[in-house]
Amino acid sequence: MTKRAGLPIAAALAIAVSMPASAENIKIGFIATFSGPNASFGKLMKDAVDLYIKQNASSIAPHTVELIVRDDTGPAPDVARRLAQELITRDKVNLLAGVVFTPNAHAIAPLLVEAKVPLVIMNAGTSVTTTLSPNIVRTSFTLWQSSYPLGKWAAKQGIKTAYTAVTDYGPGHDGEAAFIKGFTEGGGTIAGSVRMPIANPDFVPFMQRAKDANPNALYVFVPAGPQSTAIMKTFGERGLGASGIRLLGPGDITPDDELPNMGDTPIGVVTAHHYSMAHDSAANKAFVEALKKEHGPNYRTSFMSVGAWDGMAAIFHAIKANNGKFDADKFVGSLKGWQTESPRGPIMIDAETRDIVQNEYMRRVERRDGQLFNVEFENLGMTKDPWKQIEGKK
Ligand code: DHB
């Protein structure tokens, strides 16, 4: 009896195994900034997303992905929340991705659990953000990852006094706290701190105050893009560099795509960050070359490109791991402890915090073949978000 029943069961199993999985079309609601002063961020991110899909679509067959792109217009939490709501209820997306600005991420976070939708954050870098929903996975960075070791490094260089000037919102507050902690733990003294408005800032009075304080170094965080170019120019024009003040910051103040707009002022500026267009690896060379092939020889990649690229790699991993069918728990679960080789170097999603673990590099802006680059001179090694470690947060 058992023997006779055995054959049909084996046959049924063989059929089940050889049957193709049902093809799922995974809808990704992609929210980023495509208009206003920060429109370059959305383009950088979407260029990388499009390239990733072009190169890797066959790896998820028979499944497919469909990108539904929405413009949040800048740091605009109400717009971001409305777009996320529409993508969830009307477009019935399987997941959300993108998000340049922290306030936008914080507006979307409370929607995720009820909607059972995961969110892959490809830029927003405030430490607390990932703690706001268990459905968030981040493939970008935190300001603490760059600015805490930068503060320690500065103190080790013999820099005695530093002034801090940051944009008055999440990542600026984090950058300020992280740099001050690292720097003062190393024996440095803070000569003063200012916070600058996020909308239409005039950097002149802030740079003048920093100059008047006459510190050895000035730590700056502003959102990458036109603000980084504007503050670099003001730093140069107000003569801070000429008076011997060293400019330091996270890579947000010298983003690779903005360096060509900054004149010579950034030459010699030291930053800590996780990605440089000049990062010397086969994966990065292939990444930069492929984007140049798509968009022309003058194309510049930045940390926004790599956050988006690795976000897509994470999404594709989760699609494969779940054979195209997932809810938020399965999606996030399949990414806990996930590792890959990124154009920035090795990366991992921390199983406990769902935040990225990556190398931080010390870099100096140099001219190479007539162009400015962030040239890495020291690898500080794989770095978990220090804020979560210090505060015991998950
Ligand atoms: C954020 C935005 C930026 O443009 C940047 O360079 C870093 C962080 C943010 O809002 O989290």
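Brief remarks on what is shown
- Cut-off under 5 Å, modelled amide H: who pairs with F221 long-range: A165, V166, T167
- Value of relative contact order over the stretch 71-172, rounded to a whole percent, pairs C-alpha under 8 Å and six or more apart: 22
- Going by accessible surface with a 1.4 Å probe and the largest first, R246, R300, R363 read R246, R300, R363.
- HN-Hα J in Hz across the stretch 91-98 - Karplus 6.51, -1.76, 1.60, θ = phi - 60°, x for Gly and Pro: 8, 6, 5, 7, 7, 10, 8, x
- Degrees between helix 39-56 axis and first principal axis of the chain (Cα, 0 to 90, nearest 10): 40
- Extending 7 Å from the Cα toward the beta-carbon at both Q157 and R209 defines two label points whose distance is 2.4 nm.
- Table column - 3J(HN,Hα) (Hz), the stretch 147-154, Karplus curve with 6.51, -1.76, 1.60, x for Gly and Pro: 8, 5, x, 4, x, 5, 4, 4
- Taking all protein chains together and rolling a 1.4 Å probe, E352 ends up with roughly 110 Å² accessible.
- Net charge contributed by nearby residues that have their C-beta within less than 12 Å of H63 (K/R +1, D/E -1): +1
- The stretch 96-150 pair-distance distribution - Cα-Cα, 5 Å bins, rounded %: 5, 22, 34, 21, 10, 5, 2, 1
- Centre separation in Å (Cα based) which lies between the stretch 246-260 and the stretch 281-314: 18
- 0 to 90° range, to nearest 10: angle between helix 226-237 axis and the chain longest Cα axis: 20
- Distance from the stretch 89-121 to the stretch 161-227 (C-alpha centre basis), Å: 31
- Sorted on the mean count of surrounding Cβ atoms within 10 Å across their residues, most packed first, peptides 146-154, 220-228, 53-61 read 146-154, 220-228, 53-61.
- Taking a sphere under 10 Å around the Cβ of A224 and counting the other residues whose Cβ falls inside, with K and R at +1 and D and E at -1, yields a net charge of -4.
- Dipole magnitude of the stretch 101-174 about its Cα centre (Cβ charges: Lys, Arg +1; Asp, Glu -1), debye to nearest 20: 320
- Taking a ≥ b ≥ c as the square roots of the Cα gyration tensor eigenvalues, the chain comes out prolate, since a/c reaches at least 1.5 and a/b is larger than b/c.
- Magnitude of the charge dipole for the chain, about its Cα centre and with charges confined to Cβ atoms of Lys, Arg (+1) and Asp, Glu (-1), is about 700 debye.
- Distant-in-sequence amide H partners of I121 (H built 1.01 Å from N, under 5 Å): V137, R138, T139
- Cross-link check: pairs K46/K152; K325/K388; K152/K233; K43/K160 evaluated at a Cα-Cα cut-off of 29 Å; pairs beyond the cut-off: K46/K152; K325/K388; K43/K160.
- Portion, in percent, of the accessible area of the chain that falls on carbon or sulfur, probe 1.4 Å: 52
- Once both labels are positioned 7 Å from their Cα atoms along Cα-to-Cβ, the gap between A321 and E391 label points is 2.5 nm.
- Using a cutoff of 8 angstrom between alpha carbon atoms and counting only pairs six or more residues apart, the relative contact order for the chain works out to 16 percent.
- Between 0 and 90 degrees, the angle of helix 77-89 with respect to the longest Cα principal axis of the chain falls at about 10 degrees.
- The order of the peptides 308-315, 118-125 by mean Cβ neighbours within 10 Å, most packed first, is 118-125, 308-315.
- Dipole of the stretch 102-237 [Lys/Arg +1, Asp/Glu -1 at C-beta], most positive-end residue of T130, I159, T142: I159
- Charge context of R246, other residues only, Cβ under 12 angstrom, K/R +1, D/E -1: +2
- Mean sequence separation of contacting Cα pairs (under 8 Å, at least six apart), scaled by the length of the stretch 27-91, corresponds to a relative contact order of 49 percent.
- In nm, spacing of pseudo-spin labels at K285 and S59 (7 Å Cα→C-beta vector): 2.0
- Interchain or long-range residues, amide H under 5 Å from I68's placed H: I28, G29, F30
- Prolate/oblate/rounded label for the stretch 114-210 (Cα gyration tensor, a/c 1.5): oblate
- The stretch 124-163: C-alpha gyration tensor shape, a/c 1.5 cut-off, then a/b vs b/c: prolate
- For the chain, calculated [θ]222 nm from helices alone, where every DSSP H run of n ≥ 4 adds -39500 (n - 2.57): -12500 deg cm²/dmol
The values are calculated or read from the model by the stated rules, or taken from the named source; none is laboratory data. Fair warning: this is a prediction, and the values are worked out from it, not measured in the lab. Using ideal geometry, Cβ is built from the backbone for each residue, glycine included, and neighbour counts are taken over all protein chains shown. SASA here: full protein model, heavy atoms, side chains in, ligands and nucleic acids out. Shrake-Rupley method; radii C 1.70, N 1.55, O 1.52, S 1.80 Å.
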